[in-house]
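A short worksheet on the structure shown next.
Here, each number is a calculation from the coordinates, and none is a lab measurement. Since we're looking at a predicted model, the values are computed, not measured. Heads up, the Cβs are rebuilt from the backbone with ideal geometry, glycines too, and the neighbour counts pull from every protein chain shown.
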Amino acid sequence: MNHTHINIDCTRHLGVIQRIWAAIGYDELNWTYTERGKALYDTLGKNVFTAGNYYVRMHNTFTSGNGLSAPAWGAGNVYHTMPDDSVQYDWHILDQTFDTITQNGGIPFVELGFTPRDLTQDHNSATGFTPAMDVGREPYELGAWKQPPSNYERWGDLVQAFVQHVVARYGADMVKRWRFELWNEPDIANYWHGTPEDYVRLYDVTEAAVRSVLPEAAVGGPATTDEGQDFLEQFLAHLSATGRKPDFISFHTKGAAFTPRRVYNPFAQPARDSHSTPKMVGDIERSLAVVAKFAHLHDVPVYVDECDPAVGTVYGMYDNPNFVITNGEHYPTFMCQLVARMLDHKQIAQLTHWAFYMEGKRWFEGNRTLVDNENVEKPVLNGLRLLEMLAGAQRLPVISDNEQVGALAAQTAEGWRILIWHHIDAWWEEGITSVTMVLDGVTTAKPNATLWRIDQTHANAFRAWQALGSPAAPSAEQITILRKQGALQAESLPIIREAAGVRVQLDVPLYGMAMIEISAT
């Protein structure tokens, strides 16, 4: 067994720990207000993000469609041109969406996109079944939504009408806390069939429309990809040339891009793959370096509003076995160690986990979700719960002699909380380390700490499902077991007093994490 020594200096404070992890996002807007979606939001508001509000970002706010989401697709279905060329807006889908979010402590991070069908440049194209098309896939769904609008003035009217509507419904004070972002990943053809010049023109129209209703609104972008530094620089240079600062700057990073993404032969196992941490840290630092070129933007908050260990929410372990990483204990330990690294970048205000839930999937399919079927919770939710226990506390200096084992330590009004993780990106490895943690400067403490664990045998519904034999259709009794085995459980951990402080010892398996709470009295 390996041994790790962690030293925490409880006499020095590094500043308040900001809740940069308190944000989620997803494509499937219409799943927000399903029964499962509402139940998940109830959990998020009451039992996960307990330290305050959290941001929610979604694609497809303005996308046209029938209001029935599918993986990676949804529709607000707002904009409609009448036979006399007048325009009608239909808000009932977005009302259900934002009502669910705001009633459960969420703050909308509104992605203004994509182009409604009646504003696309070829919206009069013939539609319907042809032998060259799949049933149900028409030109709009096949990519017309990616086009710049055919009429920029009408796009501005749409944005203005939308902001007027949400201000009337939720109040200006609430909507001032929202974020308004134009588009998603306009630097790639997957999402934008225009030029960078088209995008900045649309941004100018969009910003003016938002501010015409609510001058104090927070508007920003450009939500570029991990390779979008040139586009990001063009966007920031455009604003700087016109004497403006965005209220926030956004860009994305994704980890492992498994190649091939989908493996059709289940007997031909693809290579195991995971290189997420160095890749994602590099992505973020390259984009931050672009921001740093503009000295006047040093105080503008940065939102990494898609930040995930692998590419492809819709893919699971039946597509490629590597996607198992989102099912179990690997996902929360990955998330926590990345959060700790990003807390050192003071300009970063948010890391968004692009994960919600999926309909029509097999049990533990491996999609990047917060809950599985029947809303059985995945370990990542417990990782968020443990992070929330550090929110607003004073961060303490930590030194570890093992690069695979890290910790976030904080002093609270009642004592100290330390979150420890044991992580490497290679999800298939095994191991365990014996951790000795010394808190220097702690002179009074209760004889026992409280301990919560996440690992293969603690707070892990996926491993519990495997222990049951990976049933394709768990019984009601088995689902009860999964819920119980997936919940955090408090334990007691002895504290050893020393001359200069206190010491605790525990074993932490690879991809395991533990929260230790030490009370002062």
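Observations on the model:
- Cα convex hull of region 138-233, projected area averaged across orientations, nm²: 6.9
- Placing +1 on the Cβ of every Lys and Arg and -1 on the Cβ of every Asp and Glu, with no other charges, gives the chain a dipole of roughly 1220 debye about its Cα centre.
- Taking a ≥ b ≥ c as the square roots of the eigenvalues of the Cα gyration tensor, an a/c ratio of 1.5 or more together with a/b larger than b/c marks region 46-85 as prolate.
- Using the Cβ-Cβ distance between residue 122 and residue 359 with R0 set to 22 Å, the FRET efficiency works out to roughly 0.10.
- Treating r as the C-beta distance of residue 80 and residue 473 and R0 as 41 Å, the FRET efficiency rounds to 0.45.
- Model label points for residue 35 and residue 446, set 7 angstrom from Cα along the Cα-to-Cβ axis, are 4.1 nm apart.
- Share, in percent, of DSSP beta bridges within region 283-422 that are antiparallel, nearest 5: 75
- Under 14 Å of direct C-alpha separation, and excluding same-chain neighbours fewer than eight residues apart, residue 484 reaches these aspartates and glutamates: 374, 377.
- Qualifying lysines (Cα of each under 26 Å from Cα of residue 279; at least 8 residues distant if same chain): 254, 293, 346, 378
- Of the chymotrypsin sites (Phe, Trp or Tyr not before Pro) found in region 233-274, those that fall in a DSSP loop while having at most 15 other beta-carbon atoms within 10 Å are 264, 267.
- Peptides 16-27, 295-306 ordered by packing proxy, namely the average of other Cβ atoms within 10 Å per residue, highest first: 16-27, 295-306.
- Computed across region 30-105, the Kirkwood radius stands at 13.6 Å (inverse of mean 1/r, all Cα pairs).
- Modelled spin labels at residue 151 and residue 13, positioned 7 Å past Cα toward Cβ, are 5.7 nm from each other.
- Between region 6-34 and region 226-270, the alpha-carbon center distance in angstrom: 21
- Here the extension length gained between residue 299 and residue 344 equals 14.7 nm, from 0.36 nm per residue of separation less the Cα-Cα distance.
- Where both bridge residues fall in the chain, DSSP classifies roughly 55% of the beta bridges as antiparallel.
- Cα gyration tensor category, rounded, prolate or oblate, for region 15-56 with a/c compared to 1.5: oblate
- A straight line joining the Cα centroids of region 502-520 and region 300-319 runs 29 Å.
- Under 11 Å from the residue 481 label point (7 Å along Cα→beta-carbon), backbone N, region 431-465: 464-465
- For region 393-456 and region 324-389, distance of Cα centres in Å: 19
- Computed over the chain, the quotient of the alpha carbon radius of gyration and 2.2 N^0.38 Å is 1.01.
- Protection proxy ranking of 374-381, 64-71, by the mean of other Cβ atoms within 10 Å over each peptide's residues and highest first, is 374-381, 64-71.
- Rounded to the nearest 20, the size of the Cβ-charge dipole of region 1-119 about its Cα centre is 660 debye, with Lys and Arg at +1 and Asp and Glu at -1.
- The stretch between residue 72 and residue 497 holds 147.6 nm of extra length on full extension. This uses 0.36 nm per residue minus the Cα-Cα distance.
- Assigned charges on the beta-carbon of Lys, Arg, Asp, Glu; region 269-368 dipole about Cα centre (debye): 140
- The length gained by stretching the chain between residue 99 and residue 429 to full extension, at 0.36 nm per residue less their Cα-Cα distance, is 114.4 nm.
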